[in-house]
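Reviewing the structure listed below.
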Amino acid sequence: MPDPRVASVLEAFADAARALGATAVWVGGSWATGDHVAGVSDLDLVVLVPSVDVGAVDDLHRHLDAGPARGLDLGCAWVEEGTLGDPDRRHVTWSHGRPCERRLSSLTRLELAAHGLVLAGRSPADVLPAPTPGDARRAVRADLDGYWRWALRRPWYWLAPDFADLSLLTMARARRGLTEDLLVTKAAALAHVDAGPRLRRQLAARRAGERCRSPRSRTAWAAWRDAVRTVG
């Protein structure tokens, strides 16, 4: 059952985004696929606006993070409508409690087109190309060759338990995407995580919201090695 607190925050966010001129507000990721776990999953949103008021966006997110959205890890890309078709354009993005600029990746675009939910305005299907055969494979490959190849040069990242878990799940999803041209959820990817049975059980427990620790250095090594093999 959807978390009523998250639903309330998303409704309030959509109202605030409309007040800033948004013509569309979409939510993707685990909330869109029904894979969201309270206290574990983050929230991935995209807003289309004619132009971005950086100060107003910053104020909105700081207010939400300090109040109703505290602990929900709400992130959002604010995309100017005229730039949506440019895959290399960097957009004002709120991520993990701070502003930055990021591209709207081909994987994010594909996920939104496939199952993005509309909180306000137009549907992703109205402005994003419909998925075609091979799109998932290409999007996954681009994600691996982009962020994850960059991250591999920073192996200490994997010492953070949350990052190690993210890596194990992402690589499991990526292998399905590369071999089967599929976009799979994190829940569906759990059975395909390349780790020992004990670590897989512990990862599944954490994904279910249970408090369960794994040996930090051993988990980091297993996850980093898995990423090296998958990225290639």
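The values are calculated or read from the model by the stated rules, or taken from the named source; none is laboratory data. Just so we're clear, the structure is a prediction, and the values are computed from it rather than from any experiment. All Cβ positions, glycine included, derive from the backbone under ideal geometry; neighbour counts span all protein chains shown. For accessibility, only protein heavy atoms count, side chains too; no ligands or nucleic acids. Shrake-Rupley method; radii C 1.70, N 1.55, O 1.52, S 1.80 Å.
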Quiz prompt | For peptides 182-188, 216-222, sequence by mean Cβ density within 10 Å, most packed first | solution = 182-188, 216-222
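Can you work out the accessible area per residue across segment 92-232, with the rest of the protein chains kept in place, probe 1.4 Å, in square angstrom?
On the way: 7810 Å² over 141 residues.
Roughly 55 Å² per residue, with all protein chains present.
Accessible area per residue, 1.4 Å probe, Å², for segment 11-84: what's the number? Mind dumping the intermediate values first?
On the way: 2930 Å² over 74 residues.
Accessible area per residue: 40 Å².
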Quiz item: In whole Hz, what ³J(HN,Hα) sequence does segment 96-107 give by Karplus (6.51, -1.76, 1.60; θ = phi - 60°), x for Gly and Pro?
Solution: 6, x, 8, x, 7, 10, 9, 6, 8, 5, 5, 5
Self-check item: LEU20 paired with PHE163, simple spin-label distance in nm, labels 7 Å along Cα-to-beta-carbon
Solution: 2.7
Self-check item: Fully extended contour minus Cα-Cα distance, from ARG90 to HIS63, at 0.36 nm per residue
Solution: 7.3 nm
Quiz item: Normalised by the number of residues in the chain, what is the relative contact order in percent for Cα pairs under 8 Å and 6+ residues apart?
Solution: 18
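To the nearest 20 debye, what charge dipole does the chain have about its Cα centre, counting +1 at the Cβ of each Lys and Arg and -1 at the Cβ of each Asp and Glu? Can you show the working numbers first?
Working: 32 positive and 28 negative charges, 282 e Å.
Charge dipole, the chain, about its Cα centre: 1360 debye, nearest 20.
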Quiz item: Which ³J(HN,Hα) values in Hz, rounded to whole numbers, follow from the phi angles of segment 189-197 under the Karplus curve 6.51 cos²θ - 1.76 cosθ + 1.60, where θ = phi - 60° and Gly and Pro get x?
Solution: 7, 4, 5, 10, 5, 8, 7, x, x
Quiz item: From the list (i) 44, 39, 37; (ii) 49, 39, 33; (iii) 62, 41, 31, can you say which value of Cα extents along the principal axes in Å was derived from the structure given?
Solution: (ii)
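Carbon and sulfur atoms: what percent of the 1.4 Å accessible area of the chain do they account for?
Details: 6480 of 11960 Å².
It is 54 percent, rounded to a whole number.
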Quiz item: Of LEU119, PRO99, PHE13, which is farthest along the charge dipole of the chain in the positive direction, counting Lys and Arg as +1 and Asp and Glu as -1 at C-beta?
Solution: PRO99
Quiz prompt | Note, ³J(HN,Hα) from phi for segment 199-210, Karplus 6.51, -1.76, 1.60, rounded to Hz, x at Gly and Pro | solution = 5, 4, 5, 5, 5, 4, 5, 5, 5, 8, x, 7
